[in-house]
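Undergrad: Sharing a structure, written as structure tokens. Questions coming.
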Amino acid sequence: MVNNNLYNSSYGSNSKGAMGYNGVKDWLVQRKTAVVLGLYFVYMLYFFATNNNLSYQAWHELFQPIYFKVITIIVLISLIKHVWIGLWTIATDYLHNLLIRSLFLFLCKILLIIYLIWGIYILFAN
Amino acid sequence: MQKKDKSDLRPVNLALYTIKFPITAIISIIHRISGFFLFLCIPIFLYYWQYSLSSYNNFIKIKSCLNTNICKFVLLIIILGLFYHFIAGIRHLLMDKHIGDSKSSAIFSSYFVIILNIVFAIILGIYLW
């Protein structure tokens, strides 16, 4: 049986393995979200380093501009994606019972959605 | 793999204190532990973020709370956990690019991660106190 394809289509993020999905998309999302989160963390370190003895005004003004609210929401979405993949990995590694693992992951998913909505609320209610 | 049938007679050693782990394994497991720890800290971050932004008085309350030693210590632990996960994560990403994935350079980079974290802990301690 000769594979006549010039391009081997069994690699990449759109080929399904035995479980019906593969990990390439997760691997990539984990890296991309890690970069986004890392940049935001570095910026926050810079902010706190340059704003010694922080005033309420400076803190409030940081989150006032709409572009910073948008950036923070993107960071929050990246955070829940990153955390979800990490939690899925930990759950699959250490929780072998299907029921316990499913319940744990279900609880984590709900918590992450709560955190996202809470974070967006904080940005727009203040 | 999922079901443990009676033919699975492989030996199990769960007494982890008897196993000598390489430094790279320590770095890796602490990366995972700090990740889970940070997940548990997310509501703490969100709560204090919300409380500090809500009004001037609440901001001052948090600031005065942060003058106590216990709050400074807790904040130091949490931020250090975040920094550790960040630095070990960068090490992970560099290894994805095959930078430092030989055995000797992996050992070198794990000591480098430890040293960076000690330096950051000292800087953060000076900043907070």
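The values are calculated or read from the model by the stated rules, or taken from the named source; none is laboratory data. Quick caveat, the model's predicted, so the values are computed rather than measured. Here the Cβ is made from the backbone with ideal geometry for all residues, glycine too, and neighbour counts use every protein chain on show.
Undergrad: Restricting to region B:12-40, what's the tally of residues that are within 21 Å of A:Y115 (Cα to Cα) and free of Cβ contacts under 8 Å to residues at least 24 places away in the same chain?
TA: We begin by selecting, within region B:12-40, every residue within 21 Å of A:Y115 (Cα to Cα); these are B:32-40.
Those still in the list that are free of Cβ contacts under 8 Å to residues at least 24 places away in the same chain too: B:32-33, B:36, B:39-40.
Looking only at that region, the number is 5.
Undergrad: A further question on this structure: Just the residues that are over 15 Å from the mean Cα position of the chain (by Cα) and either within 12 Å of another protein chain (Cβ to nearest Cβ) or part of a helix (DSSP H, G or I) (or both), please, taken from region B:81-102. Before the answer, list the steps.
TA: Narrowing region B:81-102 to residues over 15 Å from the mean Cα position of the chain (by Cα): B:93-102.
Scanning region B:81-102 gives B:L93, B:L94, B:M95, B:D96, B:K97.
Undergrad: Is it true that A:V36 is among the β-branched types (V, I, T), outside any loop (DSSP other than H, G, I, E, B), loosely packed, with under 12 Cβ neighbours inside 10 Å and modelled with pLDDT of 95 or more?
TA: Working: among the β-branched types (V, I, T): yes; outside any loop (DSSP other than H, G, I, E, B): yes; loosely packed, with under 12 Cβ neighbours inside 10 Å: no; modelled with pLDDT of 95 or more: yes.
For A:V36, the condition - among the β-branched types (V, I, T), outside any loop (DSSP other than H, G, I, E, B), loosely packed, with under 12 Cβ neighbours inside 10 Å and modelled with pLDDT of 95 or more - is not met.
Undergrad: Related question: For region A:53-112, name all the residues that are among the small types (G, A, S) and under 20 Å from B:F45 (Cβ atoms). I'd like the intermediate steps shown before the answer.
TA: Our first condition is that a residue be among the small types (G, A, S); within region A:53-112, this holds for A:55, A:58, A:78, A:86, A:91, A:102.
Once the filter is applied, which keeps residues that are among the small types (G, A, S) and under 20 Å from B:F45 (Cβ atoms), region A:53-112 yields A:A58, A:S78, A:G86.
Undergrad: Return the only residue of B:I115, B:I78, B:I107, B:I42 being farther than 30 Å from A:S55 by Cβ, aliphatic (A, V, I, L, M), at pLDDT 95 or above and not in a loop (DSSP other than H, G, I, E, B). Step through it out loud before you land on a result.
TA: Working: B:I78 fails: farther than 30 Å from A:S55 by Cβ; B:I107 fails: at pLDDT 95 or above; B:I42 fails: farther than 30 Å from A:S55 by Cβ.
Unique residue meeting the criteria: B:I115.
Undergrad: Picking from B:S55, B:S34, B:S105, B:S28, which residue would you name as being away from chain A (no Cβ under 14 Å), of a type outside the set (K, R) and surrounded by 10 or more Cβ atoms within 10 Å (Cβ to Cβ)? Please lay out each step first, then the result.
TA: Working: B:S55 fails: away from chain A (no Cβ under 14 Å); B:S34 fails: away from chain A (no Cβ under 14 Å); B:S28 fails: away from chain A (no Cβ under 14 Å).
Checking each option against the conditions leaves just B:S105.
Undergrad: Suppose the filter is more than 9 Å from chain B (Cβ to nearest Cβ), without any contact (Cβ under 8 Å) to a residue 24 or more places away in the chain and not polar (S, T, N, Q); does A:Y121 pass it?
TA: Answer is no for this residue.
Undergrad: Let me ask you something else. Sort out which residues of region B:45-75 are polar (S, T, N, Q) and in a loop (DSSP other than H, G, I, E, B), and write them in order of number. Write out each step before concluding.
TA: Keep residues of region B:45-75 that are polar (S, T, N, Q), which gives B:50, B:52, B:54-55, B:57-58, B:64, B:67-69.
Answer for region B:45-75, where residues must be polar (S, T, N, Q) and in a loop (DSSP other than H, G, I, E, B): B:S55, B:N67, B:T68.
Undergrad: For region A:85-118, give me the residue count where each residue is in a helix (DSSP H, G or I), out of contact with any helix residue (DSSP H, G or I) (no Cβ under 9 Å at 6 or more places or on another chain) and at the interface with another protein chain (Cβ under 8 Å from one of its Cβ atoms).
TA: Residues in region A:85-118 being in a helix (DSSP H, G or I), out of contact with any helix residue (DSSP H, G or I) (no Cβ under 9 Å at 6 or more places or on another chain) and at the interface with another protein chain (Cβ under 8 Å from one of its Cβ atoms): 1 in total.
Undergrad: Looking at region A:104-119, can you tell me whether even one residue there is surrounded by 11 or more Cβ atoms within 10 Å (Cβ to Cβ) and under 30 Å from B:I123 (Cβ atoms)?
TA: Yes: region A:104-119 contains one or more residues that are surrounded by 11 or more Cβ atoms within 10 Å (Cβ to Cβ) and under 30 Å from B:I123 (Cβ atoms).
Undergrad: Determine if region A:15-28 includes at least one residue that is surrounded by 15 or more Cβ atoms within 10 Å (Cβ to Cβ) and either part of a helix (DSSP H, G or I) or facing another protein chain (nearest Cβ under 10 Å) (or both).
TA: Our first condition is that a residue be surrounded by 15 or more Cβ atoms within 10 Å (Cβ to Cβ); within region A:15-28, this holds for A:22, A:26.
Of the ones still in play, those that are also either part of a helix (DSSP H, G or I) or facing another protein chain (nearest Cβ under 10 Å) (or both) are A:26.
Looking for residues that are surrounded by 15 or more Cβ atoms within 10 Å (Cβ to Cβ) and either part of a helix (DSSP H, G or I) or facing another protein chain (nearest Cβ under 10 Å) (or both), one finds at least one in region A:15-28, hence yes.
Undergrad: Please go through region B:54-73 and pick out each residue that is farther than 16 Å from B:L128 by Cβ and either touching a helix residue (DSSP H, G or I) at 6+ places or on another chain (Cβ under 6 Å) or of a type in the set (S, T, Y) (or both).
TA: Selection gives B:S54, B:S55, B:Y56, B:N58, B:F59.
Undergrad: State yes or no: is A:Y67 at pLDDT 95 or above, touching a Leu at 6+ places or on another chain (Cβ under 8 Å), within 22 Å of B:S54 (Cα to Cα) and not acidic (D, E)? Before you say what the answer is, go through the steps one by one.
TA: Details: at pLDDT 95 or above: yes; touching a Leu at 6+ places or on another chain (Cβ under 8 Å): no; within 22 Å of B:S54 (Cα to Cα): yes; not acidic (D, E): yes.
Taking the combined requirement at face value, the residue does not satisfy it.
Undergrad: Residue by residue through region A:41-59, note down the ones that are within 20 Å of A:V83 (Cβ to Cβ) and either within 8 Å of another protein chain (Cβ to nearest Cβ) or in contact with a Ser or Thr (Cβ under 8 Å, 6 or more places away or on another chain) (or both).
TA: A:F41
Undergrad: What number goes with the only condition from (1) basic (K, R); (2) within 11 Å of chain A (Cβ to nearest Cβ); (3) closer than 30 Å to A:I117 by Cα that B:K72 does not pass?
TA: (2)
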